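**Student:** Take a look at this one; I'll ask things after.
The values are calculated or read from the model by the stated rules, or taken from the named source; none is laboratory data. What you see is a predicted model, and the numbers here were worked out from it, not measured in a lab. Cβ coordinates were reconstructed from backbone atoms using ideal geometry, including for glycine residues, and neighbour counts include every protein chain displayed.
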Amino acid sequence: MSKTKLTLSMDKKVLEAAKLMADQKHIPISRLVENFLEFFAKPYVYCFKCGEKFSVTEAKVCAKCGWLICPECKVCGCGLKEETAIGIFYMRKVYEDLLAGRVK
């Protein structure tokens, strides 16, 4: 696999904190950036019901609840208990904050 050089500018405190955490976890910053960019280009999620990993861009959206439909077990957000749906909603918010936008 060929590699290419990338130059980034960011808040110094953010970089310092990230380097500290990366060092503690023995993960190079370049791998963190590459993993994020790969995920950003080809996002995926895991089904909360069956655990199957699937592509966000290839999944269908349920017209009733607006959730992604798992291509494996065909489950969406319909039928979830309210407290479960709320928990998953806020986890999705974290995911969307990381990507700076909506999933689809």
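**Student:** Go through the range 81-94 and count every residue that is surrounded by 12 or more Cβ atoms within 10 Å (Cβ to Cβ) and farther than 18 Å from PRO43 by Cβ.
**Tutor:** 3
**Student:** Condition first: hydrophobic (A, V, I, L, M, F, W, C) and either surrounded by fewer than 18 Cβ atoms within 10 Å (Cβ to Cβ) or in a loop (DSSP other than H, G, I, E, B) (or both). Now tell me which residues in the range 65-80 satisfy that. Give the steps one after another, and end with the answer.
**Tutor:** Going residue by residue through the range 65-80, those that are hydrophobic (A, V, I, L, M, F, W, C) are 65, 67-70, 73, 75-76, 78, 80.
Those that are hydrophobic (A, V, I, L, M, F, W, C) and either surrounded by fewer than 18 Cβ atoms within 10 Å (Cβ to Cβ) or in a loop (DSSP other than H, G, I, E, B) (or both): CYS65, TRP67, ILE69, CYS70, CYS73, VAL75, CYS76, CYS78, LEU80.
**Student:** Sticking with this structure for a sec: When you look at MET10, is it aliphatic (A, V, I, L, M), modelled with pLDDT of 90 or more, out of contact with any strand residue (DSSP E or B) (no Cβ under 7 Å at 6 or more places or on another chain) and part of a helix (DSSP H, G or I), yes or no? First the steps, then the outcome.
**Tutor:** Numbers: aliphatic (A, V, I, L, M): yes; modelled with pLDDT of 90 or more: yes; out of contact with any strand residue (DSSP E or B) (no Cβ under 7 Å at 6 or more places or on another chain): yes; part of a helix (DSSP H, G or I): no.
So MET10 fails the test.
**Student:** Quick one: in the range 7-20, of everything that is within 22 Å of the chain's Cα centre (by Cα) and under 18 Å from LEU37 (Cα atoms), which residue is surrounded by the most Cβ atoms within 10 Å (Cβ to Cβ)?
**Tutor:** My answer is ALA18.
**Student:** Can you tell me which residue among TYR90, TYR95 is hydroxyl-bearing (Ser, Thr, Tyr) and touching a Pro at 6+ places or on another chain (Cβ under 9 Å)?
**Tutor:** On the way: TYR90 fails: touching a Pro at 6+ places or on another chain (Cβ under 9 Å).
The unique qualifying residue is TYR95.
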